[in-house]
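Peer 1: Take this structure, written in structure tokens, and hold onto it; I'll ask about it next.
The values are calculated or read from the model by the stated rules, or taken from the named source; none is laboratory data. Note that the structure is a prediction, hence the values are computed from the model and not measured. Cβ coordinates were reconstructed from backbone atoms using ideal geometry, including for glycine residues, and neighbour counts include every protein chain displayed.
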Amino acid sequence: MKLDNSLPLEYRSEENSNRIFGFWLFLGAEIVLFSTLFAVYFTLWNRTGNGPTGKELFEIGPVLIETFVLLTSSFTIGLMINSMRQGLQKAAMVFLFVTLVLGLIFLGVEIFEFVTYVNEGATISTSAFMSSLFVLLGTHGAHVTLGLLWGAGIMLQIKREGFTLDTANKSFIFSLYWHFLDVVWIFIFSFVYLKGMM
Amino acid sequence: MKKLFPVHHVMGYVFSLVLSVVALSVILWDMSLAVGMTILIICAAIQMGVQLFMFMHIGETGTKTSLYTNIAYALFVGLVTVFGTLFTMIWGYQ
């Protein structure tokens, strides 16, 4: 295997660089996926029927917690990659763990919000607005859930094998995924919640 | 500390928090939809840039031209999807 030692571990073999490149292509497709869901939401956001409007439904408190927690987790996963590149395995593990805990808090708050909506009588079948809202938020939430399982799997692997070509590569790709979810959330925060409460 | 918390990461984090607070201003003060949307779009675009360049290191390897092309193309398709839908489903009827 040809290794270019001038590169960080996660890029060092050709296979590793190709995997990272391939993941960027996947993220391109994810951008398009979320664009279609945003398009649906922007088309239907005022078709509230007999259900609540965004202004009546949204509460800023939980949304701010979610935003703060996810922004912070995006910061900590960045720190994890920074530690990994300096060979600081223990610090990297701590940062990955903190990231996953923050992700779990985010998910908890989001589920709590969904339950609140349903208890207020706003379910996925209440109106076109609620359907498009739940599909958009739910798709993002499902990505976060998958990310938690994926991240936990990577953590176990790092614990077992340390940072190798393989685990460093997986960690870096996971960090790209996690940052991407943060970007999607920024758009949900701005154009669903803040715009809805304007 | 500097090893674990490099300055540009901390700056990126603080910057993204500040941008969220700026975006929050649209619900704190009364403003027209146009002004509010402008603030939201600018803040979201900068936030995306912070993540892409400061955290995801999009420009750090030899494949960067391909990566920029890929992301630019994905954003183009995404924007056409969003604004094309708005054009055919909402604005076209007004």
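Peer 1: Say whether the condition of being more than 8 Å from chain A (Cβ to nearest Cβ), among the hydrophobic types (A, V, I, L, M, F, W, C), over 25 Å from A:Phe23 (Cβ atoms) and assigned to a helix (DSSP H, G or I) is met by at least one residue in the range B:60-74.
Peer 2: No.
Peer 1: Looking only at the range A:119-157, count how many residues are surrounded by fewer than 19 Cβ atoms within 10 Å (Cβ to Cβ), in a helix (DSSP H, G or I) and more than 22 Å from the chain's Cα centre (by Cα).
Peer 2: The number of residues fulfilling the criteria is 2.
Peer 1: Does A:Leu176 satisfy the criteria of being without any contact (Cβ under 8 Å) to a residue 12 or more places away in the chain, within 30 Å of A:Pro8 (Cα to Cα) and in a helix (DSSP H, G or I)?
Peer 2: No.
Peer 1: Condition test on A:Phe97, is it hydrophobic (A, V, I, L, M, F, W, C), on the phi < 0 side of the Ramachandran plot, surrounded by fewer than 20 Cβ atoms within 10 Å (Cβ to Cβ) and over 16 Å from the mean Cα position of the chain (by Cα)?
Peer 2: Here the answer is no, as A:Phe97 does not meet what is asked.
Peer 1: Hey, another quick one. Which of the following residues is modelled with pLDDT of 95 or more and either of a type in the set (D, E, K, R) or in a loop (DSSP other than H, G, I, E, B) (or both): A:Glu30, A:Glu15?
Peer 2: Answer to the selection: A:Glu30.
Peer 1: Also: Could you please find all residues in the range A:16-38 being farther than 14 Å from B:Ile71 by Cβ and touching a residue at least 24 places away in the same chain (Cβ under 8 Å)?
Peer 2: The answer is A:Asn16, A:Arg19, A:Leu33, A:Leu37, A:Phe38.
Peer 1: Test B:Val10 against the criterion of being under 30 Å from A:Val94 (Cβ atoms) and assigned to a helix (DSSP H, G or I), and give yes or no.
Peer 2: It is true that B:Val10 is under 30 Å from A:Val94 (Cβ atoms) and assigned to a helix (DSSP H, G or I).
Peer 1: What number of residues within the range A:45-90 are assigned to a helix (DSSP H, G or I) and under 19 Å from A:Val118 (Cβ atoms)?
Peer 2: Total satisfying the criteria: 8.
Peer 1: So, one more: Somewhere in the range A:39-59, is a residue in contact (Cβ under 8 Å) with a residue 60 or more places away in the chain, facing chain B (nearest Cβ under 7 Å) and under 22 Å from A:Phe106 (Cα atoms)?
Peer 2: no
Peer 1: Out of curiosity, is B:Met11 of a type outside the set (Lys, Arg) and surrounded by fewer than 15 Cβ atoms within 10 Å (Cβ to Cβ)?
Peer 2: In short, yes.
Peer 1: Moving on. For the range A:18-38, what are the residues that are among the aromatic types (Phe, Trp, Tyr) and either in contact with a helix residue (DSSP H, G or I) (Cβ under 8 Å, 6 or more places away or on another chain) or away from chain B (no Cβ under 11 Å) (or both)?
Peer 2: A:Phe21, A:Phe23, A:Trp24, A:Phe34, A:Phe38
Peer 1: Here is a further query. I want to confirm something. Restricting to the range B:27-59 and keeping residues that are closer than 20 Å to A:Ser74 by Cβ and touching a Lys or Arg at 6+ places or on another chain (Cβ under 8 Å), which single residue is nearest to the other protein chains (Cβ to nearest Cβ)?
Peer 2: Among them, the one singled out is B:Leu40.
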